[in-house]
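The values are calculated or read from the model by the stated rules, or taken from the named source; none is laboratory data. Since we're looking at a predicted model, the values are computed, not measured. In this analysis, Cβ positions are derived from the backbone assuming ideal geometry, glycine residues included, and neighbour counts consider all displayed protein chains. Areas reflect the complete protein model, heavy atoms only, side chains present, ligands, DNA and RNA absent. Shrake-Rupley method; radii C 1.70, N 1.55, O 1.52, S 1.80 Å.
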Amino acid sequence: MPPRSRSGSGSTPDGAAKILTKPLEDAEVWRTPKQKDRGGGGGPGGKPPKPPKKDPNFQPKAPTRMDPSGDVEADRLRLRQAVRDKIDDVSDPTNPNGWSKKQRQPCVSAVWDRESGRIYYNHNNRKDPVDPDRLDPILRRRYEDYQNRNNPNSNWKNDLEENQDMHGEPGQHSESRATNKALKDARADGREPRLEDFMVENGRVTSDSRTDHKQPMPCCANCTQMIDGVDGSSGGWDTDSHGRKTKRSSWDGS
């Protein structure tokens with residue numbers, strides 16, 4: 001008697017063949033294995049995608065100068081749009097002069113010298129302390145008031161906002177930095193500038209998916225004092241008859 005097959009299918013040779021060929025015919029068993037996600041981004045094999053190349057011919061949208069129209073409110077909307085365009089420009093990965101996410105957030109500012117037509121854009125800089133010698137005389141006097149803020153004779157207000165010190169030193173924020181450059185350039189032109197010659201707009205920088213991205217942002221308690229007198233510096237603030245400012249709970253730019 002021939003030996004019994006261990007496969008249980010008898011002594012016929014095709015019993016073993018069926019066991020071996022079934023997996024070969026089963027597409028689910030032999031499907032292509034998935035690539036492991038190693039957290040490196042969306043490139044092949046989990047590698048991060050290459051960043052876009054910088055374009056030496058990048059053309060920014062934001063204007064560097066504008067002529068006043070005679071309608072202040074219409075001009076404010078023009079400057080507001082210029083800030084939005086600047087946020088787009090400095091966020092573009094192909095822009096050789098772009099700003100990092102850390103530089104862009106929380107806001108980008110534009111200060112318009114309505115005498116010369118020049119527009120100055122800037123971002124916050126909390127890394128470096130303010131150098132008083134690099135401030136225009138108008139802003140330097142205010143910064144010195146801040147330094148002497150605990151002196152009863154100081155004009156600086158410490159209590160306009162809760163936790164006001166969290167904003168850092170006056171002069172580190174985008175609107176103060178842009179105003180300082182505008183003032184110094186005006187003096188270089190041979191003018192004796194007045195803060196009323198300038199207009200400021202801040203654009204909030206969050207993420208594209210949020211509804212507040214690129215929307216108007218009020219000056220903080222330090223900056224509204226530092227550049228007080230610039231058109232727009234009190235946006236989002238109410239000022240009483242004694243000049244004391246109170247920040248509104250919400251502000252949409254109107």
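Name the single residue that is surrounded by the fewest Cβ atoms within 10 Å (Cβ to Cβ) among those in the range 91-113 being within 28 Å of D189 (Cα to Cα) and in contact with a helix residue (DSSP H, G or I) (Cβ under 6 Å, 6 or more places away or on another chain). Within the range 91-113, the match that is surrounded by the fewest Cβ atoms within 10 Å (Cβ to Cβ) is D113.
Among the candidates V230, V200, the residue that is more than 19 Å from the chain's Cα centre (by Cα) and buried (at least 24 other Cβ atoms within 10 Å of the Cβ) is uniquely V230.
If the condition is being of a type in the set (D, E, K, R), under 22 Å from A188 (Cα atoms) and surrounded by 15 or more Cβ atoms within 10 Å (Cβ to Cβ), then the range 116-151 contributes R118, D136, R140, R142. The number of residues in the range 161-176 that are surrounded by 23 or more Cβ atoms within 10 Å (Cβ to Cβ) and within 17 Å of Q103 (Cβ to Cβ) comes to 5.
With respect to the conditions (1) out of contact with any Gly (no Cβ under 7 Å at 6 or more places or on another chain); (2) within 18 Å of G203 (Cβ to Cβ); (3) open to solvent by less than 30 Å² (accessible area, probe 1.4 Å), M66 lacks only one, and its number is (1).
Taking the range 215-227 as the range and being open to solvent by less than 50 Å² (accessible area, probe 1.4 Å), under 16 Å from S254 (Cβ atoms), assigned to a loop (DSSP other than H, G, I, E, B) and not hydrophobic (A, V, I, L, M, F, W, C) as the test, only P218 passes.
Considering the range 186-210 alone, what residues qualify as being modelled with pLDDT of 95 or more, over 14 Å from P106 (Cα atoms) and either in a loop (DSSP other than H, G, I, E, B) or in contact with a Phe, Trp or Tyr (Cβ under 8 Å, 6 or more places away or on another chain) (or both)? Correct list: D189, G190, R191, E192, P193, R194, F198, M199, V200.
Residues in the range 102-141 that are more than 17 Å from Q215 (Cα to Cα), among the β-branched types (V, I, T) and not in a helix (DSSP H, G or I): I119, V130. Number of residues in the range 90-101 that are in contact with a strand residue (DSSP E or B) (Cβ under 9 Å, 6 or more places away or on another chain) and outside any loop (DSSP other than H, G, I, E, B): the value is 1.
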